[in-house]
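Let me begin by presenting the structure, written as structure tokens, before commenting on it.
The values are calculated or read from the model by the stated rules, or taken from the named source; none is laboratory data. No experiment lies behind these values; they were computed from the predicted model shown. Note that we place each Cβ from the backbone using ideal geometry, even for glycine, and neighbour counts take in every protein chain shown.
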Amino acid sequence: MPMRQTGGTMIAGHWEVVVVGGRIAGASTAWALAPYAERILVVDASRATTFWPQQSTWDRSGNLAWAELGLLDTVLACGAPRTYGDTYRVGDEVVEREYPCEDEHSYRMSVSREVLDPALLAAACSRENVDVLRPAQVRDIAFDAEGRAGGVTVRHAGTDHKITCDLLVLADGRLSRNAGRVGAKAYRVVESPWFALLAYYENLPLPTDRSYFSLQDRSVLISTPCGDKQWCIALDRHQSLIDESGQHPVRSYDRMVRDDPYLGPAVAGGRRTTSVGGAGRLRMLRRPMSGPGWCLVGDVGYHLDPVTAQGTRAALVTTRILRDRIAAVGRVTDVDLTGLTDERDAALETEWAYTEQIVAPEQS
Ligand SMILES: Cc1cc2nc3c(=O)[nH]c(=O)nc-3n(C[C@H](O)[C@H](O)[C@H](O)COP(=O)(O)OP(=O)(O)OC[C@H]3O[C@@H](n4cnc5c(N)ncnc54)[C@H](O)[C@@H]3O)c2cc1C
């Protein structure tokens, strides 16, 4: 679907909603709020072709979250196979597991961000009133005399544009600078000792309806089919192992994959299609979800360590909470955003507790 890209001359002026960030949280939010706003502008700093080494795999609860937003068909159309079980290795023990069948949503999926994010943005743009500005960066936020966020300065093609809005949604991820600008200070932080790394492969001689997990001393190796003859192989590795080995994390990744009895022979027969990317020295954090004129969705407000693969679902839950609040009054201009933080924290308490217990067992 062609993306409606807003040209430079059309940017300035008033938009009812400005969404900063156009990936899982931002694109889903633009899609979900479109029925309640006249004009929505999505501003995203990245280029459409940027490799985004953040995996997106989820289980039944993620499928339910996509369905609640009306985006499950969009996600399924990305063409990733559904997995109904996995090969689960702990040391030398291997177990074949099947996922319990509760309903039609009882499967896992993984879609590469290079496929998923554009599909979500295209869905948002299929709403007539959503436009995308990219690559463009929100560099400043304007407040009125009462301290309410009422606009942004956007840098696009070397020029700054001033935009006003009724609602500013920050969906700019865990490294957001705009959260500080609206004064959304983290009130809960957990430092993570895990490194998350991944790369994509094609033509591996592996089943397309099963994933593979290998749990070893302070590391987890996961392979998931994520498209036609495509696989994502991810590694969560404890920082202490990286320090002990003295090896660059990317070299540890290569060695772990190569030495794995299941994945090693498979990757020897296939081809790696991306570089190895990922992140380390991460922090789980919670920031307030809303304030006067602004709201945070996705990682910027609620960041879970990737080790439990709950980030996608958490992002979708925050979007759904905002959508429901606005839907209850019918228009973004009339909405009262107070109390969203408590609602979100209650809705995601299980995911937080589960992740924190793995990331920092001594603190939880
Ligand atoms: C290595 C790794 C592996 C992961 N694996 C999983 C997994 O298996 N399952 C799972 O559920 N989750 C996983 N996650 C977490 C998941 O990727 C995130 O929860 C999810 O990407 C959050 O999406 P988001 O839209 O909030 O933020 P992001 O995907 O970070 O998107 C933020 C967007 O905002 C843009 N932006 C930033 N600043 C500005 C600005 N000033 N102006 C304009 N635009 C801006 C950025 O360019 C970017 O496009 C993983 C994360 C990592 C790092």
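Collect the residues in the range 303-335 that are surrounded by fewer than 24 Cβ atoms within 10 Å (Cβ to Cβ) and among the hydroxyl-bearing types (Ser, Thr, Tyr), keeping them in residue-number order.
Of everything in the range 303-335, those that are surrounded by fewer than 24 Cβ atoms within 10 Å (Cβ to Cβ) and among the hydroxyl-bearing types (Ser, Thr, Tyr) turn out to be 308, 333.
Within the range 135-160, restricting attention to residues that are of a type in the set (Val, Ile, Thr) and under 24 Å from the mean Cα position of the chain (by Cα), which residue is nearest to the ligand (Cβ to nearest atom)?
Of all residues in the range 135-160, those of a type in the set (Val, Ile, Thr) come to 138, 141, 152-154, 159.
Add one more test, that the residue is under 24 Å from the mean Cα position of the chain (by Cα), and what stays is 138, 141, 152, 154.
Working: 138: 4, 141: 10, 152: 9, 154: 8 Å.
If we take residues in the range 135-160 being of a type in the set (Val, Ile, Thr) and under 24 Å from the mean Cα position of the chain (by Cα), then 138 is nearest to the ligand (Cβ to nearest atom).
Looking only at the range 241-288, how many residues end up being over 18 Å from residue 223 (Cβ atoms) and away from the ligand (no atom under 13 Å from the Cβ)?
Counting residues in the range 241-288 that are over 18 Å from residue 223 (Cβ atoms) and away from the ligand (no atom under 13 Å from the Cβ) gives 11.
Scan the range 41-62 and give yes if some residue there is more than 12 Å from the ligand (Cβ to nearest atom), touching a helix residue (DSSP H, G or I) at 6+ places or on another chain (Cβ under 6 Å) and modelled with pLDDT of 95 or more, otherwise no.
Checked against the condition, which is being more than 12 Å from the ligand (Cβ to nearest atom), touching a helix residue (DSSP H, G or I) at 6+ places or on another chain (Cβ under 6 Å) and modelled with pLDDT of 95 or more, the range 41-62 yields no hits at all.
Out of the residues in the range 225-248 that are touching a strand residue (DSSP E or B) at 6+ places or on another chain (Cβ under 9 Å) and part of a helix (DSSP H, G or I), which is farthest from residue 358 (Cα to Cα)?
242
Return the only residue of 66, 31, 15 being part of a helix (DSSP H, G or I), within 14 Å of residue 131 (Cβ to Cβ) and of a type in the set (Phe, Trp, Tyr). If you could, list the steps in order and put the result at the bottom.
Working: 66 fails: within 14 Å of residue 131 (Cβ to Cβ); 15 fails: part of a helix (DSSP H, G or I).
One residue alone meets the criteria, 31.
Take the conditions in contact with a helix residue (DSSP H, G or I) (Cβ under 7 Å, 6 or more places away or on another chain), within 12 Å of the ligand (Cβ to nearest atom) and among the aliphatic types (A, V, I, L, M) and apply them to residue 132. Does it pass? Spell out the reasoning first.
On the way: in contact with a helix residue (DSSP H, G or I) (Cβ under 7 Å, 6 or more places away or on another chain): yes; within 12 Å of the ligand (Cβ to nearest atom): yes; among the aliphatic types (A, V, I, L, M): yes.
Yes: the conditions hold for residue 132.
Using the structure shown, decide if residue 190 is surrounded by 14 or more Cβ atoms within 10 Å (Cβ to Cβ), under 24 Å from residue 319 (Cα atoms) and either at pLDDT below 95 or not charged (D, E, K, R) (or both). Spell out how you get there, then give the answer.
Working: surrounded by 14 or more Cβ atoms within 10 Å (Cβ to Cβ): yes; under 24 Å from residue 319 (Cα atoms): yes; either at pLDDT below 95 or not charged (D, E, K, R) (or both): yes.
When the stated conditions are applied, residue 190 passes them.
Which one of these is without any contact (Cβ under 8 Å) to a residue 40 or more places away in the chain and away from the ligand (no atom under 12 Å from the Cβ): 73, 86?
Going through 73, 86 in turn, the sole match is 73.
Given (1) within 18 Å of residue 292 (Cβ to Cβ); (2) in contact with a helix residue (DSSP H, G or I) (Cβ under 7 Å, 6 or more places away or on another chain); (3) surrounded by fewer than 20 Cβ atoms within 10 Å (Cβ to Cβ), where does residue 339 come up short, assuming only one miss?
So the condition that residue 339 fails would be (2).
Would you mention how many residues in the range 263-276 are modelled with pLDDT under 95 and surrounded by 13 or more Cβ atoms within 10 Å (Cβ to Cβ)?
Residues flagged as modelled with pLDDT under 95 and surrounded by 13 or more Cβ atoms within 10 Å (Cβ to Cβ) within the range 263-276 amount to 1.
So if I check each of 149, 184, 145, 199, which one is surrounded by fewer than 19 Cβ atoms within 10 Å (Cβ to Cβ) and not polar (S, T, N, Q)? Break it down stepwise before answering.
Values: 149 fails: surrounded by fewer than 19 Cβ atoms within 10 Å (Cβ to Cβ); 184 fails: surrounded by fewer than 19 Cβ atoms within 10 Å (Cβ to Cβ); 199 fails: surrounded by fewer than 19 Cβ atoms within 10 Å (Cβ to Cβ).
Sole residue among the options that is surrounded by fewer than 19 Cβ atoms within 10 Å (Cβ to Cβ) and not polar (S, T, N, Q): 145.
Given the residues 138, 95, which is the only one that is surrounded by 14 or more Cβ atoms within 10 Å (Cβ to Cβ) and among the aliphatic types (A, V, I, L, M)? Before you say what the answer is, go through the steps one by one.
Numbers: 95 fails: surrounded by 14 or more Cβ atoms within 10 Å (Cβ to Cβ).
Every option except 138 fails the conditions.
Show the residue pairs meeting these rules: Cβ distance below 6 Å; 6+ apart or different chains; first residue within the range 25-42 and more than 13 Å from residue 171 (Cα to Cα); second residue hydroxyl-bearing (Ser, Thr, Tyr) and surrounded by 24 or more Cβ atoms within 10 Å (Cβ to Cβ).
32/319
For the range 161-181, name all the residues that are surrounded by fewer than 19 Cβ atoms within 10 Å (Cβ to Cβ) and either more than 14 Å from the ligand (Cβ to nearest atom) or of a type in the set (A, V, I, L, M, F, W, C) (or both).
162, 164, 175 - these are the residues of the range 161-181 that are surrounded by fewer than 19 Cβ atoms within 10 Å (Cβ to Cβ) and either more than 14 Å from the ligand (Cβ to nearest atom) or of a type in the set (A, V, I, L, M, F, W, C) (or both).
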